[in-house]
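What follows is one structure encoded as structure tokens, with my remarks underneath.
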Amino acid sequence: MKKIVFSSILVALVAAQVALGHDPRTVAKDLSHVYSIEGAGKLTINYKSLHFNEPGFAARKTERALKAFNGLWKSVGKLETDFEVVLGGVQIPKGSYQLGFGFDANDNYKMILSSGGKETVIPLKMSLDGPLVNYFTIDVRPDSDTDALVLEARYGKLSTWAAGTVPYLKPHEHEAAPAKKP
């Protein structure tokens, strides 16, 4: 009986220690970003913003860590677009996609959009010398041309990005308005 009581107390103490030791800053945050174009609709990204784990990220290139990292990041959110967009040279039709990220041992990063059992892979450029970002974040912003945008994902000192275009915004000529009758 004493062993059962002692074991119960020990389990309760360990559980209390775990509960008290929980750091709420490490919990993923639900974030979203909307890129809205009048007349075309919205490009919406909803995702889990994971806390930066420096030791895990530093060890990411071992075979085991690479597989675990890519598995975790395979599905971090959702991308929905009401208009066609081209990212990293890859055409993305309007629709709803599961959003993920991955990379290989040579630091070739990619964004993965999944829908209907099909994966679309968008190559990303990357840099490891940015300022430290404590949570995974995604940004979509206009670029230098009317139809240009940049999608950037950041995590720790890692910055990955893809240039994009919105065909709807492509410069074009307007037909002349018909002459009004007097």
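The values are calculated or read from the model by the stated rules, or taken from the named source; none is laboratory data. Just so we're clear, the structure is a prediction, and the values are computed from it rather than from any experiment. Counting neighbours? That spans all protein chains shown, and the Cβs are built from the backbone with ideal geometry, glycine included.
Of note:
- Matching option when the condition is of a type outside the set (A, V, I, L, M) and more than 23 Å from THR44 (Cβ to Cβ), among GLU173, GLU84: GLU173
- Every residue from region 32-63 that is of a type in the set (A, V, I, L, M), closer than 14 Å to ASP139 by Cβ and touching a residue at least 60 places away in the same chain (Cβ under 8 Å): LEU43, ILE45
- Residue within region 139-148 that is assigned to a strand (DSSP E or B) and touching a Lys or Arg at 6+ places or on another chain (Cβ under 7 Å) present: no
- Residue check, LYS125 crowded, with 16+ Cβ neighbours inside 10 Å and either over 14 Å from the mean Cα position of the chain (by Cα) or not hydroxyl-bearing (Ser, Thr, Tyr) (or both): no
- Lone qualifier among GLY164, GLY156, GLY116, GLY130 - being among the small types (Gly, Ala, Ser) and free of Cβ contacts under 8 Å to residues at least 24 places away in the same chain: GLY116
- Flag if SER32 is assigned to a strand (DSSP E or B) and modelled with pLDDT of 55 or more: yes
- Residues satisfying the stated conditions in region 118-138, i.e. assigned to a strand (DSSP E or B) and charged (D, E, K, R): LYS118, GLU119, LYS125
- In region 104-113, the qualifying residues are those that are in contact (Cβ under 8 Å) with a residue 40 or more places away in the chain and either in contact with a Phe, Trp or Tyr (Cβ under 8 Å, 6 or more places away or on another chain) or assigned to a strand (DSSP E or B) (or both), and the one that is surrounded by the fewest Cβ atoms within 10 Å (Cβ to Cβ) is TYR109.
- Residues being touching a residue at least 60 places away in the same chain (Cβ under 8 Å) and within 16 Å of TYR168 (Cα to Cα) - total across region 65-103: 5
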